[in-house]
Amino acid sequence: MRLATKIFAATTLVILALVGVAAWSLRAVDDLVSAHRNITERSLPALQLEVALQEVVPRLLRLEARYLVLRDRAYGDLLTERTSRAAIELARLESLLGSNAERASHHEAVAALASYQDFVERERALVGKRQVARAVEISEGPAREAIDKFDQAMGKLAGLTSAEVGRQQLAVRELETRTWTTVLVALGASLLAAVCASGFVAFRLTRSIRQLSAATGRVADGSFREPLSIRTEDEIGDLTRAFNHMAVELREVEEHKQQFFSQISHELRNPLTAIRASAQLLLRQNALDVKGRHWVESIDDSVDRLLGLVTRILDLNRLRAGVFPLERQPVDLDKIVARALDVLGAQAEQQGLRLESEATGQEFILSADEDALTQVVLNLVGNAIKFTPTGGTVRVQVADADAHLELAVCDDEPYQQAHRGRNGSGLGLAIVKELVSAHGGTIAMDSEEGKGTCVTVRLPKIAPHA
């Protein structure tokens with residue numbers, strides 16, 4: 001799967017999860033709205049209407065009593081009108097009821113109110129016939145019983161509706177709590193899934209990049225041997241495959257270069273040795289005048305420099321090939337430094353430089369090749385002397401750092417400024433680096449404007465396992 005496809009899939013997964021959470025949240029909100037609407041548009045209006053109908057009962061009884069006492073037709077008409085209005089409101093109440101128990105109580109109330117209406121009409125008829133006593137009997141008997149049944153049915157209905165409102169409010173609160181809990185859990189899970197998916201892609205990507213970065217460093221210092229494993233078929237896999245191919249090509253180029261230098265060095269050594277022998281032979285015969293002797297000495301010096309360069313090239317090739325012989329034995333680094341400073345003291349004095357040495361610690365013994373370490377110290381201190389201006393100082397420090405020894409060679413000249421415009425093959429530092437690496441050590445350079453250059457070699461006291 002290509003990298004773009006992985007990123008797109010992870011992003012799509014996150015978006016789908018968020019869309020799913022949003023859709024479920026909208027549905028839950030719709031349920032909450034419906035529940036609230038049911039309470040506000042049905043249950044509460046029904047309860048208000050029921051309470052109002054209960055309050056009508058004492059008013060009807062007062063109107064009925066006044067009508068029978070005063071025998072005023074206006075009170076009779078008002079009683080009939082109020083009873084009819086109560087019947088209309090009671091009929092409208094039916095559409096607002098939701099439970100079967102409420103509907104049963106409603107039916108009882110409707111029947112009782114209808115009976116009361118019939119008794120009221122009979123009372124009015126009897127009053128019209130001047131049979132007031134008979135009308136009063138009906139009012140105090142069956143009519144009162146009917147209106148009491150109506151009042152009881154309405155009280156029961158109001159209690160049922162009130163309980164239904166409480167139940168719905170509790171259901172709404174539970175739904176609200178459940179909705180918030182589910183939304184938060186789903187959102188948290190979605191975010192966690194998004195972070196995990198993004199983290200997985202990022203981890204795979206950065207791990208491959210770190211692997212390539214580390215391999216690049218190994219290619220740079222010549223320690224890259226085994227090709228990187230290709231775990232994916234995306235762009236990172238393509239890059240890793242290309243890197244492996246590049247590393248192979250670079251290794252082949254390096255091998256060809258080393259082979260070339262080795263062959264050239266061997267080819268040059270024989271004629272240079274012959275030229276040197278001839279020059280020295282001419283010098284020993286005393287058959288040359290002063291000018292001729294000067295020319296022959298120049299030839300001999302040039303041949304010496306060329307032979308030294310060839311020797312260093314061969315040593316460098318052997319070091320890089322891992323076939324340079326190291327004779328490890330316990331050696332004192334502090335003493336090696338002291339001997340090297342003795343050898344280079346005259347050169348430093350001739351250039352007007354100060355040589356300073358300092359040892360920090362108690363134990364300076366390590367397992368190493370004495371000649372190789374002597375060459376490291378001579379090259380580093382010699383370079384510092386060569387590139388430090390007159391009046392400067394070259395400081396050599398040896399420090400005991402627990403399982404390692406540190407050798408620091410510092411001068412007063414920044415590295416780039418010191419080497420700008422200077423002639424040199426650069427083989428000395430390359431050989432130092434390879435010798436230090438062969439001993440399992442490291443070398444670092446720190447150069448700062450105004451403070452100079454400091455080269456630090458860190459060597460293990462105990463030889464690393466091969």
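The values are calculated or read from the model by the stated rules, or taken from the named source; none is laboratory data. Source: prediction; values computed, not measured. Note that each Cβ is placed from the backbone with ideal geometry, even for glycine, and that neighbours are counted across all protein chains shown. Heavy atoms of the whole protein, side chains included, go into the accessibility calculation; ligands, DNA and RNA do not. Shrake-Rupley method; radii C 1.70, N 1.55, O 1.52, S 1.80 Å.
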(Q) Looking at segment 74-93 only, could you name the residues that are open to solvent by less than 90 Å² (accessible area, probe 1.4 Å) and of a type in the set (D, E, K, R)? (A) ASP77, GLU81, ARG82, GLU89
Q. What about GLN362, is it of a type in the set (S, T, N, Q) and either crowded, with 17+ Cβ neighbours inside 10 Å or closer than 23 Å to ALA430 by Cβ (or both)?
A. no
Q. Taking GLN48, is it touching a helix residue (DSSP H, G or I) at 6+ places or on another chain (Cβ under 8 Å), within 30 Å of LEU113 (Cβ to Cβ) and modelled with pLDDT under 90?
A. no
**Q.** Complete set of residues in segment 336-359 that are open to solvent by 20 Å² or more (accessible area, probe 1.4 Å), over 12 Å from VAL394 (Cα atoms) and in contact with a Ser or Thr (Cβ under 8 Å, 6 or more places away or on another chain)
**A.** ALA338, ARG339
Q. So which residues in segment 367-398 are open to solvent by less than 40 Å² (accessible area, probe 1.4 Å), in a helix (DSSP H, G or I) and closer than 13 Å to ALA348 by Cα?
A. VAL381, GLY382, ALA384, ILE385, PHE387
Q | Subset of segment 62-73 [of a type outside the set (Val, Ile, Thr) and either open to solvent by 40 Å² or more (accessible area, probe 1.4 Å) or over 13 Å from VAL120 (Cβ atoms) (or both)] | A | ARG62, ALA65, ARG66, LEU70, ARG71, ASP72, ARG73
Q.
Here is a list: SER84, SER99, SER95. Which entry is among the hydroxyl-bearing types (Ser, Thr, Tyr) and modelled with pLDDT of 90 or more?
A. SER84
Q: Being modelled with pLDDT under 70, over 23 Å from GLY392 (Cβ atoms) and of a type in the set (A, V, I, L, M, F, W, C) narrows it down to one of LEU309, LEU333, LEU326, so name that one.
A: LEU309
Q: Could you tell me whether segment 205-217 includes any residue that is without any contact (Cβ under 8 Å) to a residue 40 or more places away in the chain and either of a type in the set (Lys, Arg) or within 30 Å of SER43 (Cα to Cα) (or both)?
A: yes
Q: Only residues that are of a type in the set (Ser, Thr, Tyr), closer than 18 Å to SER367 by Cα and in contact with a strand residue (DSSP E or B) (Cβ under 7 Å, 6 or more places away or on another chain): list them for segment 427-452, please.
A: THR442
Q.
Any residue that is basic (Lys, Arg), on the phi < 0 side of the Ramachandran plot and in contact with a helix residue (DSSP H, G or I) (Cβ under 8 Å, 6 or more places away or on another chain) - is there at least one of those in segment 354-363?
A. yes
Q: Would you mind finding the one in THR182, THR177 that is touching a Phe, Trp or Tyr at 6+ places or on another chain (Cβ under 8 Å), in a helix (DSSP H, G or I) and of a type in the set (S, T, N, Q)?
A: THR182
